[in-house]
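Asker: Okay, here's the structure, questions in a sec.
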Amino acid sequence: MDRTTRTRRRAAAWAAVAALVLSACAPTLPEPQPADVPAVPPPAVTPAQAERVLDAVGATLTTADAALSTDGLDARLSGPALASRTAEYAVTSATAGAKGLTPVPTSAQTLVVPNTQEWPRVQLVVTEQPDDLSSPRLLVLQQASPRSQYMLWGWARLLPGVQMPATATADVGSTPLPPDAAGLVVAPADVASQYADLLTNGDASAFASVFAGPDSFRQGLLTGREPLAQVAAQASGTFSEISTAVPDQTFALSTADGGAIVVAAMTTTSSLTFSGATLPLPPELAAVSGGALAPGSELRSSLGVTYSDVVAFYVPPAGVQAPVEVLGAEHIRTSVTGA
Amino acid sequence: MLQRLIAAVLSVLGLAAIAFGVGSATLWRAEDTLVASARPSADGTLVATAPGVLELGGGAVTVAAEAVGGTKVVLAIGKEPDVAGWVGSDAHTLLTGLADGGTLSTRAVEGTGPAAPDAADAPDEAPVEDGAQAPAPAPAPEPTPAPDPDGSDLWVQQATGETTAELTWTPEPGRWTLLAAGVGEGAQAPVVRLSWPQTVTTPWLVPGLVVGGLLLVTGLVLGARAWRRGRGPAGPSTWHPVDTGATPVVVASGSAPLADTAASGVRALTPGPQPTSDERPTVVLTRRQLREAAAAAAAATPAATRPRLPLRFRAQAGGPASAAPESTPPEVAPREAAPPGSAARTNDALQQDALQHGAPRDDARGSAERRSDAFLPAATEPVRAADQRRGTGSSATTPQPVAPQPAPARPSRTAAAPTSVGRRGTLPEGAPSSAPSRPDAPRTPPVAGSGAAGPGSSSTAPAGSRADAWRRAWGVPGATGAEQGAPGPAEAPDQGAAAERHRSGDGPGDGPGDGRGAGDPERRGKDS
């Protein structure tokens, strides 16, 4: 028994040795050795990819702009951007170019790329200054799902004198924040609604203190209301302008200091009622009425104008005694109703 | 033999090693590219790779895809989450690695989403590890068009083609995967082939050549040495000492006939004394010598009586007698100059002694010869032998058959002697003489002097103790011949030996006219 076990052991040892030797001789098939899954996801797009996306957007815009046609525009535009551009085409067509298109340059100055593997993905692009020397645009590109393309969701003109907060470079990527993200002065989801309240109610708003002093966008809105308010006063009518945040159209990317850049869509509705007077409808308004109002027609009782707004904020991190800052905004009339 | 075998084995091994080295670098050299392909194993139109598969080959990978249905093919490379996200819940084939040298292992992934309801219904083969399987069964016609990844922003690299597409991907840090899709109506998942350039090393070439070369050279050298040894002329190194108890026996049998003629008693005597008389262990005879001796013997036997003449002549003449035949005028001069060697002189002196005293001389002779052997192996005597031969004729040679065998020599001699002269005389004397060797020798010579044959044999016997053995070794039978007739037993052996030596010396190149050989006779002449 002892001997057999010993022989067996010996045999096993020899077998093991032989196996080792033979296996050393055998060609080893390479095994897949993928890189480790990074703890922090890499940027969703490489700079090259981002550039390609911008080029595609630019090409689409250029083509559509040239034809003043929305054909194919939805391939690369969505949301407020698509609505705005569509309205602009109508206006431009109606005015024979008197009211031009908003320049949307697509050459990037700064990329704010999300480091995420989820969808939707949103990246921000600060463009070069447009040819008309207006302020650079902050483009918002969104990929809603894996099989969809990056779309130009919206753009905002950077307000004069605004300093963009420092963000992570494109090869690192910025963390996208959920709408209810904590750690900020204001949760991203609430920023737009609070700002809308401020716009609607002015300094009487409860959130006036949240935002930095009157920004140029807000001031512009206020100044735009005055003529209409005067008309309402003269024609024994009323004038109101209400801004509301568009639900689920808020995107936030963290900044280097732990704050966030929040981009949100809003809708501003102006309602003017009057009596005992007529209001000739300018062509640029008639153009966005969807054909309901003929250019040059006279309104006798009311005028309703809807604007599509894109506003970008800088939201400081919580604990920092600093107000939310408006970085940029776009305010484009998209529809007109009247009677 | 063993050496040759080893040489052959080494050479063969060397050649084999060289062949292996060269073959490993040529015949069995690995491909420059590592190619692996896979047929889709799952439903749907999509094929994706697992992370790391593209980097299997280590270098830039060339991806080629061919549509099974001849439709449009799209190849795309993107980050793993991007590809996975794009594929989503669709059924697809996942390439997971290398199954063997040329095949990619695949895994069928069932579609779970609404995008591929038909695929979900189909009974799906569990993970299939064989990429070379039959092409995926034609998926049920899908209501929705096959997804087209063409142009997605997700891809960092992409190729599109009708029926085939190809792209090359240089690995970058990160987890990158490939998506291949057949696009179009009735599209199926394409066949994907990945190929990597691989640096093929030939690690066995140089070692094979070096080791093989060394083995081969060693084998050749050994073989050459063995061959030369086997074929080449026998140099001095080939003179191996041979313990020949046997040699003498052989010759003895050969000489037996001679002995037979003599009385049987002689034979009886001879065997006894031989061993005793041969005190030295070895008797050296080359085959050649044996051959020569045999030949000489054959030639000389008839003339066995001749030797007597010169010897007798000498004996009669006493000292001076020898001068007549020996002194050959031309040879004299050179020889004198040549043999200043002490050995030669001693020889002469001894010879003189021998002539005068007979027995003692012989003994002395033996020693002298031994000495002289050391310095001048065959030189001194051969000449003499030659001279004697001339003078004596074949008498010197006659004994030769006997010579080859140390022991037998005697019997033959004795045989010869008795036959010619008288048996009785020889028999008694021969026996004692052979046994005591030297001591006896002196006795007999005097007798020999009177009786030609008897003493001759006896005299040789004593010489046989050492000198005789030496002679025999050299196949010098001449002694017997000389002895028979020779009055001076001492000289007789000498001459015989000389004759033989001379003969054997022929090979080496000692001519009969050699300086030394010539010198001796002269001296003898003087002596006498």
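The values are calculated or read from the model by the stated rules, or taken from the named source; none is laboratory data. It should be emphasised that the depicted structure is a prediction, and the values quoted were computed from it without experimental measurement. Quick reminder, even Gly has a Cβ in these numbers, built from the backbone with ideal geometry, and neighbours come from all protein chains shown.
Asker: Tell me, please, whether a residue that is among the basic types (Lys, Arg) and more than 14 Å from chain A (Cβ to nearest Cβ) can be found in the range B:18-29. Lay out the reasoning, then the answer.
Answerer: Looking only at the range B:18-29, we keep the residues that are among the basic types (Lys, Arg), and these are B:29.
Those left that are additionally more than 14 Å from chain A (Cβ to nearest Cβ): none.
Within the range B:18-29 (the criterion being among the basic types (Lys, Arg) and more than 14 Å from chain A (Cβ to nearest Cβ)), the answer is no, since none of the residues qualifies.
Asker: What is the one condition in (1) closer than 22 Å to A:Glu31 by Cβ; (2) assigned to a strand (DSSP E or B) that B:Glu55 does not satisfy?
Answerer: Here B:Glu55 clears every test but (2).
Asker: Out of all the residues in the range A:180-197, which are within 17 Å of the chain's Cα centre (by Cα) and in contact (Cβ under 8 Å) with a residue 40 or more places away in the chain?
Answerer: A:Pro188, A:Ala189, A:Val191, A:Ala192, A:Ser193, A:Tyr195, A:Ala196
Asker: Among B:Val68, B:Val35, which is the only one that is surrounded by fewer than 24 Cβ atoms within 10 Å (Cβ to Cβ) and assigned to a strand (DSSP E or B)? Please lay out each step first, then the result.
Answerer: Numbers: B:Val68 fails: assigned to a strand (DSSP E or B).
Matching residue, one of B:Val68, B:Val35: B:Val35.
Asker: If you don't mind, another one. Would a scan of the range B:87-96 turn up a residue that is in a strand (DSSP E or B), over 30 Å from B:Ala30 (Cα atoms) and either within 13 Å of another protein chain (Cβ to nearest Cβ) or modelled with pLDDT of 90 or more (or both)?
Answerer: Residues of the range B:87-96 that are in a strand (DSSP E or B), as a first pass: B:92-96.
Of the ones still in play, those that are also over 30 Å from B:Ala30 (Cα atoms) are B:92.
Keeping just the survivors that are either within 13 Å of another protein chain (Cβ to nearest Cβ) or modelled with pLDDT of 90 or more (or both) gives B:92.
Yes, the conditions are met somewhere in the range B:87-96.
For every residue, the table says whether it meets (1) in contact with a Cys (Cβ under 9 Å, 6 or more places away or on another chain); (2) farther than 30 Å from B:Gly97 by Cα; (3) aliphatic (A, V, I, L, M).
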{"position": "B:Leu2", "(1), (2), (3)": "no, yes, yes"}
{"position": "B:Ala8", "(1), (2), (3)": "no, yes, yes"}
{"position": "B:Val12", "(1), (2), (3)": "no, yes, yes"}
{"position": "B:Ala25", "(1), (2), (3)": "no, no, yes"}
{"position": "B:Glu31", "(1), (2), (3)": "no, no, no"}
{"position": "B:Ala42", "(1), (2), (3)": "no, no, yes"}
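Asker: Turning to a different aspect of this structure: Select from the range B:147-162 the residues that are under 26 Å from B:Gly57 (Cα atoms) and more than 14 Å from chain A (Cβ to nearest Cβ) and list them in ascending order.
Answerer: Within the range B:147-162, B:Ala159, B:Thr160, B:Gly161 meet the criteria.
Asker: Shifting gears a bit: Say whether the condition of being in contact (Cβ under 8 Å) with a residue 24 or more places away in the chain, over 20 Å from B:Pro81 (Cβ atoms), in a strand (DSSP E or B) and assigned by TED's automatic domain parsing to the domain that holds B:Leu104 is met by at least one residue in the range B:168-180.
Answerer: Let us first name the residues in the range B:168-180 that are in contact (Cβ under 8 Å) with a residue 24 or more places away in the chain, namely B:168-171, B:174-180.
Applying the additional criterion that residues be over 20 Å from B:Pro81 (Cβ atoms) yields B:168, B:170.
Narrowing the set further to residues that are in a strand (DSSP E or B) leaves B:168.
Of the ones still in play, those that are also assigned by TED's automatic domain parsing to the domain that holds B:Leu104 are B:168.
Looking through the range B:168-180, at least one residue is in contact (Cβ under 8 Å) with a residue 24 or more places away in the chain, over 20 Å from B:Pro81 (Cβ atoms), in a strand (DSSP E or B) and assigned by TED's automatic domain parsing to the domain that holds B:Leu104.
Asker: So which residues in the range A:230-252 are crowded, with 19+ Cβ neighbours inside 10 Å and assigned to a loop (DSSP other than H, G, I, E, B)?
Answerer: A:Gly237
Asker: So which residues in the range B:31-62 are closer than 17 Å to B:Gly174 by Cβ, more than 9 Å from chain A (Cβ to nearest Cβ) and of a type in the set (A, V, I, L, M, F, W, C), if there are any at all?
Answerer: Passing the criteria: B:Ala48, B:Ala60, B:Val61.
Asker: Then there is this: So, A:Leu177, is that one away from chain B (no Cβ under 14 Å) and under 16 Å from the mean Cα position of the chain (by Cα) or not? Step through it out loud before you land on a result.
Answerer: Working: away from chain B (no Cβ under 14 Å): yes; under 16 Å from the mean Cα position of the chain (by Cα): yes.
The answer is yes for A:Leu177.
Asker: Does A:Ala44 satisfy the condition of being surrounded by 16 or more Cβ atoms within 10 Å (Cβ to Cβ), within 14 Å of chain B (Cβ to nearest Cβ) and either farther than 27 Å from A:Thr334 by Cβ or aliphatic (A, V, I, L, M) (or both)? Explain how you work it out, then say what you get.
Answerer: Details: surrounded by 16 or more Cβ atoms within 10 Å (Cβ to Cβ): yes; within 14 Å of chain B (Cβ to nearest Cβ): yes; either farther than 27 Å from A:Thr334 by Cβ or aliphatic (A, V, I, L, M) (or both): yes.
Spelling it out, A:Ala44 is indeed surrounded by 16 or more Cβ atoms within 10 Å (Cβ to Cβ), within 14 Å of chain B (Cβ to nearest Cβ) and either farther than 27 Å from A:Thr334 by Cβ or aliphatic (A, V, I, L, M) (or both).
Asker: Counting only residues that are within 14 Å of chain A (Cβ to nearest Cβ) and among the charged types (D, E, K, R), which one in the range B:163-215 is nearest to B:Gly21 (Cα to Cα)?
Answerer: Among residues in the range B:163-215 that are within 14 Å of chain A (Cβ to nearest Cβ) and among the charged types (D, E, K, R), the one nearest to B:Gly21 (Cα to Cα) is B:Glu172.
Asker: Which one is surrounded by the fewest Cβ atoms within 10 Å (Cβ to Cβ) among residues in the range A:198-217 that are in contact (Cβ under 8 Å) with a residue 24 or more places away in the chain and in contact with a strand residue (DSSP E or B) (Cβ under 9 Å, 6 or more places away or on another chain)?
Answerer: Going through the qualifying residues, I end up with A:Ala212.
Asker: If the requirement is being modelled with pLDDT of 80 or more and more than 14 Å from every other protein chain (Cβ to nearest Cβ), which of these qualifies: A:Ala39, A:Ala50, A:Ala11?
Answerer: On the way: A:Ala39 fails: more than 14 Å from every other protein chain (Cβ to nearest Cβ); A:Ala50 fails: more than 14 Å from every other protein chain (Cβ to nearest Cβ).
Answer to the check: A:Ala11.
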